[in-house]
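Below is one structure, written out as structure tokens; the observations come after it.
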Amino acid sequence: MSSSNSVTVQILDKEYSIICPQEERSNLVSAARYLDGKMREIRSSGKVIGADRIAVMAALNITHDLLHKEERPDVQAGGSTREQVRDLLDRVDLVLATDPDATKG
């Protein structure tokens, strides 16, 4: 894919370039902003130190929230939330695996 399919997002003061279909760009940017906010909340609590640990805690909190919403019968979700969470976690794993600075705290 060309760099025109790449979106740069900033999460916890670090930039990530992610290849993304044009029609998914706004969703990706929104997800990155949401993740950034959650990670900043965790960092500001002072209970978790290190970017990798903060990322894991944010992922766990977000996953818990999504799975909890899926269990509630009054919430209608488009597609499988579990599949969406797995896809997001796969993307995070890919970025962490390809960015040597991603695991530095």
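From the backbone phi of the stretch 84-91, what are the Karplus-calculated ³J(HN,Hα) couplings (6.51 cos²θ - 1.76 cosθ + 1.60, θ = phi - 60°) in whole Hz, Gly and Pro given as x?
5, 5, 4, 4, 5, 5, 4, 5
In nm, give the distance between the simple-model label positions of Arg86 and Asn5, each being 7 Å from the Cα along the Cα-to-Cβ direction.
That separation, rounded to one decimal, is 2.2 nm.
Within 10 Å, count the other beta carbons around each residue, average over each peptide in 47-60, 14-27, and list them highest first. Each step should come with its number before you reach the end.
Details: 47-60: 15.9, 14-27: 12.6.
Packing proxy ranking, top to bottom: 47-60, 14-27.
Can you give the extra length, in nm with one decimal, that the chain gains between Glu41 and Leu60 once fully stretched, where that is 0.36 nm per residue apart less the Cα-Cα distance?
Numbers: separation 19, 0.36 × 19 = 6.84 nm, distance 1.37 nm.
Difference between extended and current length: 5.5 nm.
Please list, in order along the stretch 8-14, the HN-Hα scalar couplings obtained from phi with the Karplus expression 6.51 cos²θ - 1.76 cosθ + 1.60 (θ = phi - 60°), rounded to whole Hz, x for Gly and Pro.
So the Karplus estimates, Gly and Pro as x, are 9, 10, 10, 10, 6, 6, 9 Hz.
With viscosity set to 0.890 mPa s at 25 °C, what whole-number translational diffusion coefficient in µm²/s follows for the stretch 6-97 from Stokes-Einstein and a Kirkwood radius over Cα pairs?
173 µm²/s
Heavy atoms only, probe 1.4 Å: what % of the accessible area of the stretch 6-97 goes to carbon and sulfur, would you let me know?
Working: 3410 of 6440 Å².
Using a 1.4 Å probe with all protein chains present, the stretch 6-97 comes out at 53 percent carbon and sulfur.
The values are calculated or read from the model by the stated rules, or taken from the named source; none is laboratory data. For clarity, every value in this text was computed on a predicted model and none was experimentally measured. When we count neighbours, we look across all protein chains shown, and the Cβ atoms used for this are built from the backbone with ideal geometry, even at glycine. Please note that ligands, DNA and RNA were not included when accessible areas were found on the heavy atoms of the full protein model with its side chains. Shrake-Rupley method; radii C 1.70, N 1.55, O 1.52, S 1.80 Å.
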